[in-house]
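Asks: Okay, handing you the structure first.
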């Protein structure tokens, strides 16, 4: 009984105590993406809670006095953990889950600031992304870092708002939601592919990953939602005014963000650097930024009558 | 406007087919887009035309076999399901 206890529950508790002590000390460092809230006790209570839970688990174990069921439970849990390990390893090969986690490490303050930046980017001065020993800092510590939370949420909200808009005009049907979702997704994929192709043709040496591009292309859904909601509340004039404002702010936002990534260092700091290469890159940045208002209008004008 | 994901896949297959069909010596060399014109400058800046030619050539070599498979699957699906 002791032996099975130690390999089953006790060992896991010991491991969780050890894990608790380390993250508690460096949770204030910007290197960690997420706070470890999986254990409830703080570093002070680590020793005590481990000792407290020991006898409780012990008495709980004596209820199942059948050693065969204990053995089966221990074997089953080890099998489950093995299966989970294998699945994690295989999934990581297709979808880079660890890289995706970086883009979802956000908090409310970051989301609020980023939404404000998307609608009013004119007062923000420092657009550079902070780095920490070669890796970019998680979005929750740097408002300039791209994230995937806002684009994902904005996409889903856009679908729902589109359904709402059509519902108020009595043009709604359930399969419309699916059609709208796949249309918007297809346009997003086309846009990301076009940007990737143009980045390849202009031979830009940038650290923009595909997921970064998806994030930047997804930021325009925020403006689209604002426009459609204004159109619902205030009619066509409200829609056009709100859309104009959001188009201008997305344009400025994209240019200021992409300038630092695509152009060379000198040109990005404001000095006019002559040369065909920099000119081409400037045109590319402006083209990407100009495509955003076009898509914003194209995907929303049929929703507001 | 009503795009499905299947339409996107069809578009992608058609585009890739179009690029893979451009023959090297019968067509591309005649219009000055052959492989030897692309490798011209070995400077650090390949230029857009060289990149395009490189892209066409690599699509042709890499996607030849997968395109055969994907096209056969599409033909089969069309025959079976219209």
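The values are calculated or read from the model by the stated rules, or taken from the named source; none is laboratory data. Just so you know, these numbers come straight off a predicted model, no measurement behind them. Methodologically, a virtual Cβ is constructed for each residue, glycine included, from the backbone with ideal geometry; neighbour enumeration extends over all protein chains shown.
Asks: Within chain B, which helices (runs of 4 or more DSSP H) (wholly inside it) include 2 or more residues that are within 14 Å of chain A (Cβ to nearest Cβ) and at pLDDT 85 or above? Break it down stepwise before answering.
Replies: Working: elements: B:5-20, B:35-38, B:48-62, B:64-81.
Counting at least 2 such residues, we get B:5-20, B:48-62.
Asks: Related question: Would you be able to say whether some residue in region A:156-165 is in contact (Cβ under 8 Å) with a residue 40 or more places away in the chain, within 14 Å of another protein chain (Cβ to nearest Cβ) and either out of contact with any strand residue (DSSP E or B) (no Cβ under 6 Å at 6 or more places or on another chain) or part of a helix (DSSP H, G or I) (or both)? Write out each step before concluding.
Replies: First, the residues of region A:156-165 that are in contact (Cβ under 8 Å) with a residue 40 or more places away in the chain: A:157-158, A:161-162, A:164-165.
Now restrict to residues that are within 14 Å of another protein chain (Cβ to nearest Cβ): A:162.
Next, only the ones that are either out of contact with any strand residue (DSSP E or B) (no Cβ under 6 Å at 6 or more places or on another chain) or part of a helix (DSSP H, G or I) (or both) stay: A:162.
Scanning region A:156-165 turns up at least one residue that is in contact (Cβ under 8 Å) with a residue 40 or more places away in the chain, within 14 Å of another protein chain (Cβ to nearest Cβ) and either out of contact with any strand residue (DSSP E or B) (no Cβ under 6 Å at 6 or more places or on another chain) or part of a helix (DSSP H, G or I) (or both).
Asks: Say we look at region A:166-180 and pick out the residues that are facing chain B (nearest Cβ under 10 Å) and touching a residue at least 12 places away in the same chain (Cβ under 8 Å); which of these is farthest from the chain's Cα centre (by Cα)?
Replies: A:176
Asks: Restricting the search to region A:273-288, which residues are surrounded by fewer than 15 Cβ atoms within 10 Å (Cβ to Cβ) and either under 30 Å from residue A:234 (Cβ atoms) or more than 11 Å from chain B (Cβ to nearest Cβ) (or both)?
Replies: Within region A:273-288, A:274, A:279, A:283, A:287 meet the criteria.
Asks: In region A:289-305, how many are more than 14 Å from chain B (Cβ to nearest Cβ) and touching a helix residue (DSSP H, G or I) at 6+ places or on another chain (Cβ under 6 Å)? Before you say what the answer is, go through the steps one by one.
Replies: Step one: of region A:289-305, the residues more than 14 Å from chain B (Cβ to nearest Cβ) are A:289-294, A:296, A:304-305.
The next check asks that each one be touching a helix residue (DSSP H, G or I) at 6+ places or on another chain (Cβ under 6 Å); those that pass are A:289, A:292-293, A:296, A:304.
Selection size over region A:289-305: 5.
Asks: Give the number of residues within region A:185-200 that are within 24 Å of residue B:6 (Cβ to Cβ) and more than 9 Å from chain B (Cβ to nearest Cβ). Before you say what the answer is, go through the steps one by one.
Replies: As a first pass, look at region A:185-200 and keep what is within 24 Å of residue B:6 (Cβ to Cβ): A:185-197.
Now narrow it down to the ones that are more than 9 Å from chain B (Cβ to nearest Cβ): A:188, A:191-192, A:194-196.
Qualifying residue count, region A:185-200: 6.
Asks: For region A:136-155, indicate whether the set of residues that are under 21 Å from residue A:295 (Cβ atoms), buried (at least 16 other Cβ atoms within 10 Å of the Cβ) and more than 16 Å from the chain's Cα centre (by Cα) is non-empty. Full working, then the answer.
Replies: From region A:136-155, those under 21 Å from residue A:295 (Cβ atoms) are A:146-155; that's our starting set.
Checking which are buried (at least 16 other Cβ atoms within 10 Å of the Cβ) leaves us with A:146-152, A:154-155.
Subsequent filtering for residues that are more than 16 Å from the chain's Cα centre (by Cα) retains none.
The answer is no, given that none of the residues of region A:136-155 is under 21 Å from residue A:295 (Cβ atoms), buried (at least 16 other Cβ atoms within 10 Å of the Cβ) and more than 16 Å from the chain's Cα centre (by Cα).
Asks: A further question on this structure: If the Cβ limit is 6 Å and pairs must be 6+ apart or interchain, which residue in region A:201-227 that is more than 14 Å from every other protein chain (Cβ to nearest Cβ) pairs with which residue that is part of a loop (DSSP other than H, G, I, E, B)?
Replies: Matching pairs, first to second residue: A:212/A:146; A:215/A:146; A:215/A:148.
Asks: With (1) under 27 Å from residue A:113 (Cα atoms); (2) within 14 Å of chain B (Cβ to nearest Cβ) as the list, and residue A:142 as the residue in question, which single condition is left unmet?
Replies: (2)
Asks: Quick check: is even one residue across region A:124-132 over 22 Å from residue A:296 (Cβ atoms), more than 19 Å from the chain's Cα centre (by Cα) and buried (at least 18 other Cβ atoms within 10 Å of the Cβ)?
Replies: No, because not a single residue in region A:124-132 is over 22 Å from residue A:296 (Cβ atoms), more than 19 Å from the chain's Cα centre (by Cα) and buried (at least 18 other Cβ atoms within 10 Å of the Cβ).
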